[in-house]
Amino acid sequence: MIQSMTGYGKTVLQLPTKKITIEVKSLNSKNLDLNTRMPSYYREKELGIRKKLASNLVRGKVDFSIYVEMTGEETQTVINKTVVGSYVKELKELSEGEEIQFLEIAMRLPDALQTVREEVDEAEWQEIDKGIDEAIEKIVQYRKDEAHSLEADFRERIENIKEFLQEIEQLDEERLAHVKDRLRKAIDELKVTIDENRFEQELIYYLEKLDINEEKVRLANHLDYFLEELNNQKSDGKKLGFIVQEIGREINTTGSKSNYATMQQVVVQMKNELEKIKEQVLNIL
């Protein structure tokens, strides 16, 4: 079944000392455009995350984020005792005063606090990795749900084009009779004598140029092929896009060959339906 490239998945994990929020968002794109945002101490896991996202989401503009909120007593920032002690000692040498005053000044000076780089706890990461899998499952399901309405719209518009094609088939015989009549009237208005056999030969040659039987057959086949691809187990928006191009080519050729206003009006309606399909196909994975 088809999938949309628009999707969203979110997982929230409550670990002993921190709350982890994992988000995956995607929009349509010709290729995979993957952006990741996470704390620096998880960066060593980024390559694996990217591979996992690429294999599951395949295509689209994907934004992946891991947010960490500390909820326990652990902190990554500690007092740099050596630096603060040195500051206090120098301040005492410069002036007299209470030690607590010197300490307050020292704590505001550069490098008084230092951030300890947190190492990845593998047991913790296993939980986060499961959360990533869950978020990916959610966005994939979102994409499938989003595609349901698109699929219904595609089927409706393809059926509309098929109905217009039936109208064209009904108009075709009328069109050819109209062309013959118009040419005959043009000859009569010239008031010249013509060779009827030669006229018939030229008329047949002219009508062959206006023949749209091949276009009608190919268009019908392309419409059926598009519906078949909607039932395919693998979502392939690029392939659907190629089929839409072929449908458009046959519709355009039919319109240029029709040479009959009534038929051209039906062709315009077919083009209108196809344009709406083209817009939506861009969002299919």
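Matching residues to (1) in contact (Cβ under 8 Å) with a residue 60 or more places away in the chain; (2) open to solvent by less than 40 Å² (accessible area, probe 1.4 Å):
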residue	(1), (2)
Thr21	no, yes
Leu32	no, no
Thr36	no, yes
Arg43	no, no
Leu53	yes, yes
Arg59	yes, yes
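Restricting the first member to region 229-244 and to residues that are in contact (Cβ under 8 Å) with a residue 24 or more places away in the chain and within 9 Å of Met1 (Cβ to Cβ), and the second to residues that are among the polar types (S, T, N, Q) and not in a helix (DSSP H, G or I), the beta-carbon pairs closer than 8 Å and six or more apart or on different chains are Ser235/Gln3. Filter region 106-132 down to residues that are open to solvent by less than 70 Å² (accessible area, probe 1.4 Å) and of a type in the set (Asp, Glu) and give me whichever is modelled with the lowest pLDDT. Out of the qualifying residues, it is Glu118. Do we have any residue at all in region 223-241 that's farther than 20 Å from Glu174 by Cβ, among the small types (Gly, Ala, Ser), at pLDDT 90 or above and in a helix (DSSP H, G or I)? The answer is yes, given that some residue of region 223-241 is farther than 20 Å from Glu174 by Cβ, among the small types (Gly, Ala, Ser), at pLDDT 90 or above and in a helix (DSSP H, G or I).
One line per residue, one yes/no per condition, for (1) open to solvent by 50 Å² or more (accessible area, probe 1.4 Å); (2) assigned to a helix (DSSP H, G or I); (3) at pLDDT 95 or above; (4) aromatic (Phe, Trp, Tyr):
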| residue | (1), (2), (3), (4) |
| --- | --- |
| Glu134 | yes, yes, yes, no |
| Glu146 | yes, yes, no, no |
| Asn160 | no, yes, yes, no |
| Glu173 | yes, yes, no, no |
| Ala177 | yes, yes, no, no |
| Ile194 | yes, no, no, no |
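The values are calculated or read from the model by the stated rules, or taken from the named source; none is laboratory data. Fair warning: this is a prediction, and the values are worked out from it, not measured in the lab. Note that we place each Cβ from the backbone using ideal geometry, even for glycine, and neighbour counts take in every protein chain shown. Accessible surface areas use protein heavy atoms only, side chains included; no ligands, DNA or RNA. Shrake-Rupley method; radii C 1.70, N 1.55, O 1.52, S 1.80 Å.
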